[in-house]
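Everything below concerns the one structure shown next.
The values are calculated or read from the model by the stated rules, or taken from the named source; none is laboratory data. Quick caveat, the model's predicted, so the values are computed rather than measured. For neighbour counting, all protein chains shown are included, and Cβ atoms are generated from backbone atoms with ideal geometry for every residue, glycine included.
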């Protein structure tokens with residue numbers, strides 16, 4: 001399960017507010033090698049999309065941030081960092097769980113769901129110059145052995161799904177392998193292959209779904225994403241619409 005570069009340099013933190021915040025601060029002072037992994041099993045103030053917090057019990061889950069340097073990507077294709085991260089977590093879940101018994105989906109903009117409940121979240125942050133990317137910090141939080149989520153109905157964990165304990169350190173090694181696999185595909189410019197794989201696991205694709213826009217519920221058919229990574233939806237008149245993460249919520 002050895003990787004070429006992802007995880008070869010690893011920084012373990014017994015406790016940290018946010019691995020992404022720690023990585024951002026570290027990069028200001030240290031030239032970290034590509035593939036550096038910063039991880040903890042006790043993240044106290046994890047960050048999600050839209051500034052949401054990530055609930056995590058101490059010692060029960062995995063929070064990891066990857067330092068990658070996709071200088072080969074133009075800024076308009078940076079959303080592929082989300083695509084490869086989501087695919088890596090999807091494949092991790094498929095390996096750990098019997099995928100024939102569980103419905104594992106990628107929910108835009110990159111929650112991972114098992115049986116329609118959130119088991120993992122991804123937050124990718126980029127350090128840019130004018131036209132290219134100096135570094136990307138890919139943060140991934142995975143619910144592993146936590147069983148109590150403060151009465152959140154649509155959240156789950158590997159232990160809740162399977163009724164057994166998992167080794168978080170072992171899970172990190174498997175995730176490293178899957179992320180490196182997809183990162184190398186991205187480096188090889190295999191955009192169409194990655195997108196096709198992404199759509200294979202895309203939550204609600206081709207189905208009608210309610211969304212909240214400006215505090216109003218509206219129904220659309222889920223089409224996928226466009227060439228900028230925006231959510232692509234079709235209304236009941238057959239007109240396509242595209243939304244950024246800040247403009248829309250799943251109902």
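Residue check: residue 202 meets all listed conditions (1) in contact with a strand residue (DSSP E or B) (Cβ under 9 Å, 6 or more places away or on another chain); (2) surrounded by fewer than 17 Cβ atoms within 10 Å (Cβ to Cβ) but one, namely (2). The residue of segment 35-59 that is farthest from residue 167 (Cα to Cα), among those that are in contact with a strand residue (DSSP E or B) (Cβ under 6 Å, 6 or more places away or on another chain) and either assigned to a loop (DSSP other than H, G, I, E, B) or at pLDDT 95 or above (or both), is 48. Name the single residue that is farthest from the chain's Cα centre (by Cα) among those in segment 84-132 being without any contact (Cβ under 8 Å) to a residue 12 or more places away in the chain and either more than 20 Å from residue 62 (Cα to Cα) or surrounded by fewer than 14 Cβ atoms within 10 Å (Cβ to Cβ) (or both). So the residue we want is 130. When segment 1-15 is limited to residues that are touching a helix residue (DSSP H, G or I) at 6+ places or on another chain (Cβ under 9 Å) and touching a residue at least 40 places away in the same chain (Cβ under 8 Å), the one that is surrounded by the fewest Cβ atoms within 10 Å (Cβ to Cβ) turns out to be 1. Restricting attention to segment 133-146 and to residues that are out of contact with any helix residue (DSSP H, G or I) (no Cβ under 6 Å at 6 or more places or on another chain) and not in a strand (DSSP E or B), the residue that is surrounded by the most Cβ atoms within 10 Å (Cβ to Cβ) turns out to be 143.
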